[in-house]
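This report concerns only the one structure given below.
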Amino acid sequence: RKLKHLEFDEMLEMAGAGSKVLALRSVEFARNHNVPIHVRSSFTWEQGTWVTSEVRKGEKNMEDPIISGVVHDAGDAKITVLGVPDQPGVSAALFEPLANANVNVDMIVQNTSTAGTTDISFTLPKTDVAVAQPIVEKIAKQVGAKGVTNDSNIAKISLVGAGMKSSPGIAAKMFRVLADNKVNIEMISTSTIRISVVVAAPMLETAVRALHTAFDLDSGEEYSAPLPERK
């Protein structure tokens, strides 16, 4: 469905999560200089989607969680370092060489420490795996980790909307919808207006369709959930 309006921050999150509508740098430039963006078809005179810094007209409460869209990206892979010693400096030793090699790391998850070791998983573009894998394997040996695995058969799904962090019900609903559709969540990452999960690539279409339906994103209206009552 067509969105009438998006705020710059929402469009930035969508672009960063894998939406192919606008380049991330172009949205950053427009936001920094407060230049409205009109995304529309060049074949008609119909209005498209406006991306601005203005609050939506008629919005009753700026803190109401509003879901603007579901974004998916099947271009990432996941690398996991197993049995990493749980001690200061290990994460820096792992990610500094990756940064120096211009590897773009996205989501990072570290498991709860068990018997003095932990697992560290992160996602990155599939195109960077060939560069990242030998670096990670080298560091894993240096820090005494038990091994390294990678999985290219994953997909990232992101729910984007203003004010999502103010209501725990949005995340809970997303996770329930995925569970009801037998979609296993491998990783979770959040920001103020985005919730991202990593799932198995074969379940991508099922998950995206289910989330669209659950949050009324096929109806032409933004989904707005009430804030929980304070007791």
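Read the figures in this text as sums done on the coordinates, not as results from a lab. Since this is a predicted model, take the numbers as computed values, not measurements. Note that each Cβ is placed from the backbone with ideal geometry, even for glycine, and that neighbours are counted across all protein chains shown.
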Neighbour-count order for 46, 28, 96, fewest beta carbons within 10 angstrom listed first: 46, 96, 28
Could you compute the FRET efficiency for residue 150 and residue 191, with r as their C-beta to C-beta distance and R0 at 25 Å, rounded to 0.05? 0.50
Name the residues whose placed amide hydrogens come within less than 5 Å of the amide hydrogen of residue 86, ignoring near sequence neighbours (fewer than 5 apart) on the same chain. 117, 118
Given points 7 Å out from each Cα along the Cα-Cβ axis, report the residue 74 to residue 131 separation in nanometres with one decimal. 2.5 nm
So what J values fall out for the range 133-141 if you push phi through Karplus, 6.51 cos²θ - 1.76 cosθ + 1.60 with θ = phi - 60°, rounded to Hz, Gly and Pro as x? 4, x, 5, 5, 4, 5, 5, 4, 5
If amide H atoms are built 1.01 Å from N in the plane of the peptide, which residues on other chains or at least 5 residues away come under 5 Å of the amide H of residue 77? 124, 126
State the Kirkwood hydrodynamic radius of the range 79-151 in Å, one decimal place, computed from all pairs of distinct Cα atoms. 12.1 Å
Packing-based exposure ordering (other Cβ within 10 Å, fewest first) of 76, 128: 128, 76
Pairs 146/182; 4/182; 126/146; 4/173; 156/182: which exceed 21 Å Cα-Cα? 146/182; 4/182; 126/146; 4/173
How much length would be gained if the chain were fully extended between residue 28 and residue 104, taking 0.36 nm per residue of separation minus their Cα-Cα distance, in nm to one decimal? 25.5 nm
